[in-house]
Amino acid sequence: MEAFVVIAAIGFGLLLAELLLPTGGVLALLGVAGLTVAGIVAFNSDSDFADFAGGALIALGVISGITFYFVTRKVLAAHRNESVQTGTEEMVGASAEARSTIAPDGRVWLGGTIWSARLAEGASPIGLGDRVRVEAVDGLTLVVRPDPQTAVNASEGVG
């Protein structure tokens, strides 16, 4: 068996292992280097097949390296972003639509669900269809107040 075939097999194995193991890219870099070295070794071989395989292995190593670079950038960017918020964390600060008058209790539409709602302290009553901002979640009841952006837009339209 030719040496370049063994080196290429090890390179492929390292690339596959990188997909399954959390090594931070070390195995991918070694796999890319392995494919490139296998291509160089193939050019120095006496086999006719090695001449074609050498170019293909070097090209595969370069393409794998470029792919690894772009995938790594995307993964690192995803890890830098804020953590995913779900449940009550996601609802606080969200905008919802009043599905009834809220004075002091009513219902709002948020995230595809109708929720019970209660006015926040000092908030003015809210009419049907008005936008509200969720300030807190108390059990299954959302504590809301009129959305300031909607109030500004409504006052600009009047006049």
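The values are calculated or read from the model by the stated rules, or taken from the named source; none is laboratory data. All values derive from a computational prediction rather than experimental measurement. For neighbour counting, all protein chains shown are included, and Cβ atoms are generated from backbone atoms with ideal geometry for every residue, glycine included.
Residue-by-condition table, conditions (1) surrounded by 15 or more Cβ atoms within 10 Å (Cβ to Cβ); (2) touching a Lys or Arg at 6+ places or on another chain (Cβ under 9 Å); (3) outside the structural domain of L142 (by TED's automatic domain parsing):
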position	(1), (2), (3)
G31	yes, no, yes
V37	yes, no, yes
A42	yes, no, yes
D51	no, no, yes
V71	no, no, yes
L76	no, no, yes
G111	no, no, no
TODO: Could you figure out which of (1) modelled with pLDDT under 90; (2) in contact with a strand residue (DSSP E or B) (Cβ under 9 Å, 6 or more places away or on another chain) isn't true of W115?
DONE: (1)
Task: Boolean, L60 is modelled with pLDDT of 85 or more and in a helix (DSSP H, G or I) - done: yes
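Can you tell me which of A94, A50, A33 is of a type in the set (G, A, S), in contact with a strand residue (DSSP E or B) (Cβ under 6 Å, 6 or more places away or on another chain) and either touching a residue at least 12 places away in the same chain (Cβ under 8 Å) or closer than 30 Å to G139 by Cα (or both)?
Going through A94, A50, A33 in turn, the sole match is A94.
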Task: All positions within region 64-102 that are assigned to a loop (DSSP other than H, G, I, E, B) and modelled with pLDDT of 90 or more - done: R99, S100, T101
